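Undergrad: Pasting in a structure now, in structure tokens, and then I'll have a few things to ask.
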Amino acid sequence: MADRYLTLKDMTRGGGCTPRTVRYYERQGLLRAARSAGGHRLFAASELERLHFVVALREAGWALEEIVELLSVREAAPSDRVAVGRLESILQRQLEELDKKLAVLERLREDLRGTHQALRVCHECTVEHDQVSCDRCERLPSLGVLPRGFRLTWRARELGGPPFDDPAIAEVSDEIDDEVDDEIDDRPLASE
């Protein structure tokens, strides 16, 4: 397969994505394809590796503009020296962002792990006693030291306040989403 071109079908099978995605990435300049006499896309084998890289970056949360910038840095630079400097800058910025995301994921994993352990205690209690109320549970630590995931899911009704499906909560959530979207939209692109 290395000596021949890959078809669109080969790319979608090998890349685990749809034909529409491959065509879109080609239009965005992320993939390059030649055309057969019949007008069909023909990709070099190296383009499949490039597709895997693009898909991995997208799964990691990179914006398409960031991926385009990364993959075209050498072509866009007036010299290799300038390209190296730009690439170092891009990679440094992305590594810092990745470190932040990893820290968030690590905290979340620990919280979910603690929530899972607390729920195991609840499961045993519920199975043994068929007791819905956890108010007097002596097996769980105090509410203040329980994992956030446990407090916000299993014990939410005990905390008072509105239920999670209250329309007022949805409205506040929408406002927060809008603020976050505005912040993201206002964030300058690396090319600016």
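The values are calculated or read from the model by the stated rules, or taken from the named source; none is laboratory data. If you're wondering where the values come from, they're calculated on a predicted model, not measured in any experiment. Note that we place each Cβ from the backbone using ideal geometry, even for glycine, and neighbour counts take in every protein chain shown.
Condition check ((1) farther than 21 Å from Gly15 by Cα; (2) of a type outside the set (A, V, I, L, M); (3) touching a Lys or Arg at 6+ places or on another chain (Cβ under 8 Å); (4) surrounded by 14 or more Cβ atoms within 10 Å (Cβ to Cβ)) across all residues:
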position: Arg50; (1), (2), (3), (4): no, yes, no, yes
position: Leu57; (1), (2), (3), (4): no, no, no, yes
position: Ser89; (1), (2), (3), (4): yes, yes, no, no
position: Gln92; (1), (2), (3), (4): yes, yes, no, no
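Undergrad: Based on what the data block shows, is Leu105 touching a helix residue (DSSP H, G or I) at 6+ places or on another chain (Cβ under 9 Å) and either assigned to a helix (DSSP H, G or I) or of a type in the set (A, V, I, L, M, F, W, C) (or both)? Write out each step before concluding.
TA: Values: touching a helix residue (DSSP H, G or I) at 6+ places or on another chain (Cβ under 9 Å): no; either assigned to a helix (DSSP H, G or I) or of a type in the set (A, V, I, L, M, F, W, C) (or both): yes.
No.
Undergrad: Of all residues in region 64-87, how many are in contact (Cβ under 8 Å) with a residue 60 or more places away in the chain and surrounded by fewer than 15 Cβ atoms within 10 Å (Cβ to Cβ)? Talk me through it step by step, then tell me what you get.
TA: Just the residues of region 64-87 that are in contact (Cβ under 8 Å) with a residue 60 or more places away in the chain, to begin with: 65-66, 69.
Add one more test, that the residue is surrounded by fewer than 15 Cβ atoms within 10 Å (Cβ to Cβ), and what stays is 65.
Number of matching residues: 1.
Undergrad: Just name the residue that is nearest to Ala60 (Cα to Cα) out of those in region 97-134 that are β-branched (Val, Ile, Thr) and modelled with pLDDT of 75 or more. If you could, list the steps in order and put the result at the bottom.
TA: Within region 97-134, the subset β-branched (Val, Ile, Thr) is 104, 115, 121, 126-127, 132.
When the remaining residues are screened for being modelled with pLDDT of 75 or more, the result is 104, 115, 121.
Numbers: Val104: 14, Thr115: 25, Val121: 34 Å.
Here the residue is Val104.
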